[in-house]
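Chemist: One structure coming up, written as structure tokens, with questions to follow.
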Amino acid sequence: MRLVRRTEHRVKYVCDPFYVFPDTGESVRELICTAKHTWNRPLPACIEKRATEGSGLVSHYEQKRSRYGDRDNMSDKQADTVYDILIPSLIIAGLFVVNGIVFAVIMRYRNKRKQRLDLESKELAEL
């Protein structure tokens, strides 16, 4: 954890990459000095982010996602399936199609070239 910014009344701490604060699941914490000259929140040590998985902690990103995602009827597992399986599969299939087209064009060009060379060699043989 490192101190990023400090003013007279505020401080901002950021956890190292892949670490979060255990009580919020966020990697950034801003503390405000109260009238009693104490901080408004505690500053616990950062823990690994994967240690919070399944603990019910929700990150700021996930809160926004759920807030805007209410319009979607797609669950997280369905979304993961789309992003992790379906889209890469479609990309791979598209690449196979493009490769097939390129291969067909190359073979067609070779056949035409071979026919032209055969024709030229026959003409030379007749001379």
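Chemist: Using R₀ = 35 Å, calculate the FRET efficiency as 1/(1 + (r/R₀)^6) where r is the Cβ-Cβ separation of I101 and E126; round to 0.05.
Modeler: Efficiency at R0 = 35 Å is approximately 0.40.
Chemist: Tell me, in nm to one decimal, what length is gained between T34 and T81 on full extension, where the rule is 0.36 nm per residue of separation less the Cα-Cα distance?
Modeler: So the extension gain works out to 12.2 nm.
Chemist: Taking just the alpha-carbon atoms of the range 74-126, what radius of gyration and Dmax come out, in angstrom?
Modeler: Calculated on Cα positions, Rg and Dmax stand at 22.6, 75 Å.
Chemist: What figure, in Å² to the nearest 10, do you get for the accessible area of E126 with a 1.4 Å probe and non-protein molecules left out?
Modeler: About 150 Å², rounded to the nearest 10.
The values are calculated or read from the model by the stated rules, or taken from the named source; none is laboratory data. Because the structure is a prediction, the values reported are computed rather than measured. Because the Cβ atoms are built from the backbone with ideal geometry, glycine has one as well, and the counts that use them run over all protein chains shown. In case anyone asks, the SASA skips ligands and DNA or RNA and just uses the protein heavy atoms, side chains included. Shrake-Rupley method; radii C 1.70, N 1.55, O 1.52, S 1.80 Å.
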